[in-house]
Amino acid sequence: MDGSSKPETTAPGRIIDWGNGPRDLEAVAEEIRERGYAVLRNAFPTECLERMFASRDWWFRAPAAGGAPGYCKFDYEKRVVQTSLLGRDSLRILLDEDILDLIERYTGHEVVLSESFTKLDRSVDYVYFPPHSDYMPDYRPSSHFDKIRATAEDMKHPLGLSYVLYHHDTTAGAFCYCAGSHKLGAHRGCQVTDYPEDERRAIMSTWTRLDGRKGDIVVFDPRGFHGQDQPSAANRYVTISRFWRTDIFGYHQARPLPVYTMDLAGLSERQLSVLGIGAQSLTPLEFDHHAGFKKRRRAYAIVTKLIEHAYDLDYAKKRLQPLRSRLRRLLRPGTGAKVLPPAAPVEGKRGG
Ligand SMILES: [Fe+2]
């Protein structure tokens, strides 16, 4: 497996239905401890998901430009929107109390939402999301905060939990995980290509494609090797959310997380805390590649120029308006300058 070919997949894991009866958090946590992931069905109310997906359609209709909301574009393969912008329902889903309970049970600590984005992955005939681990010994999430890091000792325990939410029935392009690989501690690095052939083979032998239905989530330990079924014959919409422990990473988020304040209504103190109210971003906004287009691209310069000058014609019309009004008055009979009738012929001058 060199990162460019498609690995064989093992049998998918079982689906845990959360739609009926009491939710057994410990059973799910145990599944994740064992395999590194768990697939949950009916974790969120259908009507919440539908409203979130409708909002997604609105956000993805065009790229953000000139202050108009839209998706971010920073490469060919993806279109991205921060999930927290997709309306009140997206926050309800993102901060679902049962999911937070599960995360805290699995990690044993309080967590904060590190980041969450919703993206469209386009179908291309190459691999751009190769197998990787999100963490490794001495992992530093930000070059701007040198002291924040996860040590080799930290790697022996869960550092957080992430999940992928499928926006539609997903097979091609589904999330994949190397079952059990979270126990390896990513001792040679985050990329599977960093490992010698025999280790790489052993890791990739458990590569599992996790197909799912619309609304399913794959909760996973991001210390394990994961990625996407690629090359993929289909586009896919997913939401990817990452939560991490505050006792390791502090009350920090990976990048600035925007939100409309009207959508915060009804959130509990715990949900607001996990959302990151008052937290610090590890990535200054100006360095956040998710925040927008690559500004050095020529297209960016052209588009920004077009937007900057989009109202120039309106301005010119407004400036010309007084002149046009004056001209109109001048040319309209009976207004403006008086048009005198022709002078009567002078018959002769009389002396007085
Ligand atoms: Fe990842």
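Here S116 passes the criteria (1) under 20 Å from V259 (Cβ atoms); (2) polar (S, T, N, Q); (3) surrounded by fewer than 22 Cβ atoms within 10 Å (Cβ to Cβ) except the one numbered (3).
When restricted to residues that are within 14 Å of the ligand (Cβ to nearest atom) and not hydrophobic (A, V, I, L, M, F, W, C), region 230-245 contains 4.
Scanning region 241-256 for residues that are over 13 Å from E115 (Cα atoms) and among the aliphatic types (A, V, I, L, M) gives a single hit, I248. Evaluate the following for L100: is it part of a strand (DSSP E or B), in the same structural domain as S268 (by TED's automatic domain parsing) and surrounded by 15 or more Cβ atoms within 10 Å (Cβ to Cβ)? Judged against the criteria, L100 is not a match.
Just a yes or no: is a residue in region 111-132 part of a loop (DSSP other than H, G, I, E, B) and under 30 Å from E269 (Cα atoms)? Within region 111-132 (the criterion being part of a loop (DSSP other than H, G, I, E, B) and under 30 Å from E269 (Cα atoms)), the answer is no, since none of the residues qualifies. With (1) away from the ligand (no atom under 16 Å from the Cβ); (2) of a type outside the set (K, R); (3) in the same structural domain as Q191 (by TED's automatic domain parsing) as the list, and I307 as the residue in question, which single condition is left unmet? Here I307 meets the rest and fails (3). Per the conditions (1) in a loop (DSSP other than H, G, I, E, B); (2) crowded, with 21+ Cβ neighbours inside 10 Å, the sole criterion not satisfied by H144 is (2). Taking region 129-140 as the range and being away from the ligand (no atom under 13 Å from the Cβ) and closer than 29 Å to P231 by Cβ as the test, no residue passes. Checked against the criteria, R188 counts as touching a helix residue (DSSP H, G or I) at 6+ places or on another chain (Cβ under 6 Å) and more than 16 Å from the ligand (Cβ to nearest atom).
Each row is one residue, and each column tells you yes or no for (1) among the hydrophobic types (A, V, I, L, M, F, W, C); (2) closer than 23 Å to A279 by Cα; (3) assigned by TED's automatic domain parsing to the domain that holds Y311.
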position: C48; (1), (2), (3): yes, no, no
position: A54; (1), (2), (3): yes, no, no
position: K78; (1), (2), (3): no, no, no
position: L85; (1), (2), (3): yes, yes, no
position: V112; (1), (2), (3): yes, yes, no
position: S133; (1), (2), (3): no, no, no
position: I148; (1), (2), (3): yes, yes, no
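Checking the stated criteria, L165 turns out not to satisfy the condition of being over 18 Å from P131 (Cβ atoms), touching a Phe, Trp or Tyr at 6+ places or on another chain (Cβ under 7 Å) and within 16 Å of the ligand (Cβ to nearest atom).
Could you go through region 214-227 and let me know if any residue there is touching a Leu at 6+ places or on another chain (Cβ under 6 Å), within 20 Å of R255 (Cα to Cα) and more than 14 Å from the ligand (Cβ to nearest atom). No, the conditions are met nowhere in region 214-227. If the condition is being more than 16 Å from the ligand (Cβ to nearest atom) and not aliphatic (A, V, I, L, M), then region 254-267 contributes P256, P258, Y260, T261, D263, G266. Y76 meets each of the listed conditions (1) at pLDDT 95 or above; (2) part of a loop (DSSP other than H, G, I, E, B); (3) aromatic (F, W, Y); (4) over 30 Å from P158 (Cα atoms) apart from (1). For region 141-160, the criterion of being within 15 Å of the ligand (Cβ to nearest atom) and among the charged types (D, E, K, R) is met by no residue. Taking each residue of region 123-134 that is on the phi > 0 side of the Ramachandran plot and looking for partners that are away from the ligand (no atom under 14 Å from the Cβ) and hydrophobic (A, V, I, L, M, F, W, C) with beta-carbon atoms closer than 7 Å, six or more apart or interchain, yields nothing.
The values are calculated or read from the model by the stated rules, or taken from the named source; none is laboratory data. What you are looking at is a predicted structure, and each value in this text was computed from that prediction instead of being measured. With ideal geometry, Cβ positions are generated from the backbone for all residues, glycine too; neighbour counts draw on all protein chains shown.
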